[in-house]
1. Share of Cα-Cα pairs in the stretch 2-85 beyond 15 Å, in percent?
2. Just subtract the alpha-carbon distance of V155 and E115 from 0.36 nm times their residue separation and send over the number in nm, one decimal.
3. With +1 on each Lys and Arg Cβ and -1 on each Asp and Glu Cβ, how big is the dipole of the chain about its Cα centre, in debye rounded to the nearest 20?
4. With a 10 Å radius around each residue's Cβ, average the other Cβ atoms per peptide and rank 174-185, 200-211, highest first.
5. Leaving out same-chain residues fewer than 8 places away, which aspartates and glutamates sit with a Cα under 16 Å from that of K170?
6. What residue among F127, F262, F61 has the largest mean-square fluctuation in a Gaussian network model of the chain, using Cα springs under 10 Å?
7. Taking 7 Å along the Cα-to-C-beta vector as the label spot, tell me the F90-V216 distance in nanometres, rounded to one decimal.
8. How would you rank V256, V274, going from fewest to most other Cβ atoms within 10 Å of each one's own Cβ?
Amino acid sequence: MKRVGVLVGREKTFPEAVINRINEKSGGDVVAEYIKLDGVRYDEPPQYDVVIDRISHEVPFYRATLKRMALEGTKVINNPFWWSADDKFFNYSLGRKLGVAIPKTVLLPQKDYIEGIVSESLRNLAFPMDWQGIIDYVGLPAFLKPFDGGGWKNVSKVSSLEELLTEYNKSGTLCMTLQESIDFDQFVRCYCVGQEEVMIMAYDPRKPYLSGEQYVHDPNYLEPKLADRVRKDVRTLCTALGYDINTVEFAIKDGVPYAIDFMNPAPDAELASVGEFYHNWIVTAVTDLVFKRLAEPAETRRYRWDALLNPAPPPQQQEQAYAVASAAEQQARTITPAAPAKKATTTKKKKS
């Protein structure tokens, strides 16, 4: 009998629904349950075939536990090795190279540092910073937000240099980014499951959480051509990042979908938040993904970080797993060799 474990935080309706759906669908061949952890031994045999992770990004003990489970052959959704290595600023840079529209973004040095970091430790940093040059590049208004945060925590919208410096001075040891604000005409949040299944959700980030007004079920919210581009960009990003569950947010302006956030591997799926239609969709999609992972053959273990960080994709995703740079990026990196110089020729005189 195969076992599926769910590692969860405060959420209730989504993990409960997934556990029930897996158990019902399996007909007794699979048992899904909440994981219970005590002290984890370094030589403990695997307890689960598949684990769904919803909370390890906030609990280091859980993250270390999942990495050890993966080492023993457990399939973890999402990959804890990649999630440990990822950050949003890298994502923005990668997205741009893949041809996805990304708002202008600048990574900022931290305001404060942990004990032991002194001025001599930071000799590579320019001082004073060229704040005006940064603003001239990004534009105003702009969003100041952590380079690896989520849930709209510690995010500020600034409209002047004075506001930027005030908010930056409050950021403490957080590493922040400053990102161009897109005055959007439309906004969507997209579930992506298994790097293939995409659900585009009309979403209003200006509405309060649990107001019932953030998510609107409108299948025709985007015109077909734009919806196709959004789906393509979602799959491109999630395939390149290796996430099996993620959400990608787009601020759409003048028909261009700007990807502003796509490091959400434990996205909100609570019934009271996303509504019944989207809740049912994500529960079904994740359940189907679990059974797909259970049916895949066990991989030959390679005890190297890169093998765990980037395991071989399933056969149906082999062709799309290697995302390539955009045409513009490839052109910029292409060197056209100069034509070889013509060799001088000499004419021999005929003997008389």
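1. Value for the stretch 2-85: 56 percent of Cα pairs lie more than 15 Å apart.
2. Full-extension gain reported as 11.9 nm.
3. Working: 44 positive and 47 negative charges, 505 e Å.
Computed charge dipole of the chain: roughly 2420 debye.
4. Values: 174-185: 18.6, 200-211: 14.3.
Final packing ranking: 174-185, 200-211.
5. Reachable aspartates and glutamates: D112, E162.
6. Its mean-square fluctuation being the largest, the pick is F127.
7. Going by the 7 Å Cα→Cβ label model, 3.7 nm.
8. Working: V256 14, V274 25.
Neighbour counts put them in this order, fewest first: V256, V274.
A short reminder: the numbers here are calculations on the coordinates, not readings from a lab. Note that the structure is a prediction, hence the values are computed from the model and not measured. Methodologically, a virtual Cβ is constructed for each residue, glycine included, from the backbone with ideal geometry; neighbour enumeration extends over all protein chains shown.
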